[in-house]
Amino acid sequence: MNEKELITLALKGLPPTVNQMYRSFRNRRYKTQETRDFQDNLVRILKLLWGDKPCFTGRAGLRLSFSQKDKRRWDIDNRVKALQDCLQAAGVIKDDAQIDLLHLEREHGTQKTQTILTLTELLSIN
C-alpha cells in the first residue's frame, strides 16, 4: 500500500481512554474536563500545523505509537477515539470514517511517556 504523509505530531503523555472521556450524571453523558482540556489543546496544535489547507477528504491511514515509562496495563484501542475526534474537530480530516488503515503500537519501559500520531493519505489500497 502506498502512502503519503500528511501530518506527524509527537505529544507528551497519552490521550484519555474511552473510559476516561465521559461521565454520566442524572442520565446525561458529558465529556470530562480532562478530556475537554486534552482535546482543546490538541485541536489548537493541529490547526497550527495544518494551516489554511482545506480539510482532507480522501482515504486515510492513521498510525499511533504509544510509549510509556511504566508497565501499567491498558487496552491499546481505547486511546484512539480521542485522537480521531481531534483530527476531525481541527479540520484536518472531514470524518474519522475516512480512516481505512489503523496501525497501533505500544512500548513499555521507555524514557518518556508520549504519543506519536501520523496521518497518511492512502494512494492505493491492495
Provide the solvent-accessible area of T8, counting protein heavy atoms only and rolling a 1.4 Å probe, rounded to the nearest 10 Å².
60
Out of every Cα pair in the chain, what percent are spaced more than 26 Å from each other?
23
Sum of -39500 (n - 2.57) over DSSP H runs of 4+, divided by residues of the chain (222 nm, nearest 500)
-7500 deg cm²/dmol
Please report the spacing between the Cα centers of the stretch 87-101 and the stretch 1-62 in Å, no decimals.
10
Which residues does a label at D70 reach in the stretch 97-124, if reach means a backbone N under 17 Å from a point 7 Å past the Cα toward the Cβ?
107-115
Cβ-based charge dipole, the stretch 1-50, positive-most Cα from N41, L11, Y22:
Y22
Under 29 Å from the Cα of K4 - lysines, other chains or at least 8 residues apart
K12, K47, K53, K81, K94, K112
Based on the mean of other Cβ atoms within 10 Å per residue, sort peptides 30-38, 42-50 so the most packed one is first.
42-50, 30-38
Run the dipole for the chain about the Cα centre, Lys and Arg Cβ at +1, Asp and Glu Cβ at -1, nothing else charged, and hand back the magnitude in debye, nearest 20.
620
Top positive-direction residue, dipole computed over the chain with Cβ charges, set C55, L119, I76
I76
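The values are calculated or read from the model by the stated rules, or taken from the named source; none is laboratory data. All values derive from a computational prediction rather than experimental measurement. Cβ atoms come from the backbone with ideal geometry, glycine included; neighbour counts cover every protein chain shown. With ligands, DNA and RNA removed, areas are computed over all heavy atoms of the protein, side chains included. Shrake-Rupley method; radii C 1.70, N 1.55, O 1.52, S 1.80 Å.
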